[in-house]
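The values are calculated or read from the model by the stated rules, or taken from the named source; none is laboratory data. Everything numeric in this text was worked out from a predicted model, so none of it was measured. Reconstructed Cβ throughout: ideal geometry from the backbone, glycine too, with neighbour counts over all protein chains shown. Heads up: the accessible areas ignore ligands, DNA and RNA and are worked out on the full protein's heavy atoms, side chains in. Shrake-Rupley method; radii C 1.70, N 1.55, O 1.52, S 1.80 Å.
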Amino acid sequence: MSQYVLRRLLIAIPSLLGISVVLFVVLALAPGDPFSELATNPNVPPEVQAALRAKFGLDDPIHLRYLHWLNAMLHGDWGFSFVSRMNVDTLILQRLPATLYVIGSAQILALLIAIPVGVYAATKPYSLFDQIANTLAFVGFSLPTFFTGILFILIFSVTLDWLPFVYTTDIKATGIRWVLEMIRQAIMPVAVLGLFQAASMTRFVRSAMLDVIRLDYVTTARAKGLGQAKVIIKHVMRNAMIPVVTLIALQMPAVFGGAIVTEQIFRIPGIGSLLISSILSNDTPVVMAVTFVFACLVVLFNLIADVLYGWLDPRISLR
């Protein structure tokens, strides 16, 4: 197992290098200048502007700038934010917990909904429960997250005044009150992302379960006298979860994309809102670092999915 993980990590290095080259070239050729604010600031002398541009190598050729960025990244220097006036790694570490909290909670919510509903719908195909679950799933993944988010704000914040629609990390309460306030303000963004993911996962779980439940070994297990619950949980679910794991791993870019929109709607101070504000202000080092972090997370989740294959199905050899 450890050799397989190490080999996959070594294979991921060329992929990440290729992704970093593409990202760097696209951002370098994009219109705009990170020092555009300084150029229009009369309080900054031209010689100071020229010295800063020379210090950060903004006038160097693209390939030299990329090599300088790569060398700095390998040494733990992610660059400097020209807008926030702080190191990029510090800025990302400040925003990352909020994003991971919302995305992680949303994924847990999606799995808690999709797996039981999908499994039960597959055991009762074309029943009333199955038809209701399919209908709600179609509605769920047909509605974009920005529409669902605005709808939740109108219902639960504006009309009913139950939940806050602005997410804040500066909560004055302490102890259990602080925990309750954190949960309360995260309910709507987590529900928006979680229900959207649960809708597509439910359909996929149901389809995977129906493919496995008709196989001969399931009929044999039933013929041996095993109960329905034991057949489903021990013999069907484990094999049916393999394509579901693939779906979850491949959906991670879409999850982060949805988180960017959700963070803008609910004003969550996370990575997504940082990326949008950095793009609008031409803060290239932050944009480069955030998009590269997203790429690393996608590669990591695909590696986790491959490792889970071997645990779910012993026939798959991790060699």
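Numbers below:
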item: For VAL117, net neighbour charge (Lys/Arg +1, Asp/Glu -1) across residues whose Cβ lies under 15 Å away; result: +2
item: Relative contact order (percent, whole number), segment 217-287, Cα cutoff 8 Å, 6+ residue spacing; result: 15
item: Helix-only [θ]222 nm of the chain, DSSP H runs n ≥ 4, -39500 (n - 2.57) each, per residue, nearest 500; result: -24000 deg cm²/dmol
item: Accessible heavy-atom area order of ASP130, ASP60, highest first, probe of 1.4 Å; result: ASP60, ASP130
item: Separation of alpha-carbon centers, segment 256-305 and segment 107-181, rounded to whole Å; result: 22
item: Span-like helix ranges in the chain, DSSP H, alpha carbon extent 30 angstrom or more, Kyte mean at least 0.5; result: 2-29, 88-123, 176-213, 284-312
item: Order of exposure, largest accessible area first, which applies to TYR101, TYR66, TYR120 with probe 1.4 Å; result: TYR120, TYR101, TYR66
item: Per residue, in Å², the accessible surface of segment 202-287 once ligands and nucleic acids are set aside, probe 1.4 Å; result: 45
item: Read-out semi-axes √(5λ) of the Cα gyration tensor in Å, derived from the coordinates shown; its label in (1) 47, 20, 14; (2) 44, 27, 15; (3) 72, 25, 14; result: (2)
item: Proximal charge balance of SER105 [Cβ under 14 Å; K/R count +1, D/E count -1]; result: 0
item: Accessible surface of SER142 - all protein chains present, 1.4 Å probe, nearest 10 Å²; result: 80
item: Residue with peak Gaussian network fluctuation, the chain [Cα springs, cutoff 10 Å], from VAL205, VAL244, VAL231; result: VAL231
item: Heavy-atom accessible surface of segment 90-316: percent carbon and sulfur, 1.4 Å; result: 72
item: Proximal lysines relative to LYS224, as straight alpha-carbon distance under 19 Å, when same-chain residues fewer than 8 apart are discounted; result: LYS234
item: Total formal charge among the other residues, if their Cβ is under 14 angstrom from that of ASN134, Lys/Arg +1 and Asp/Glu -1; result: +2
item: Rounded accessible area of LEU280 (nearest 10 Å², 1.4 Å probe); result: 140
item: Protein-only accessible surface order, largest first, of TRP178, TRP69, TRP78, TRP162 at 1.4 Å; result: TRP162, TRP178, TRP78, TRP69
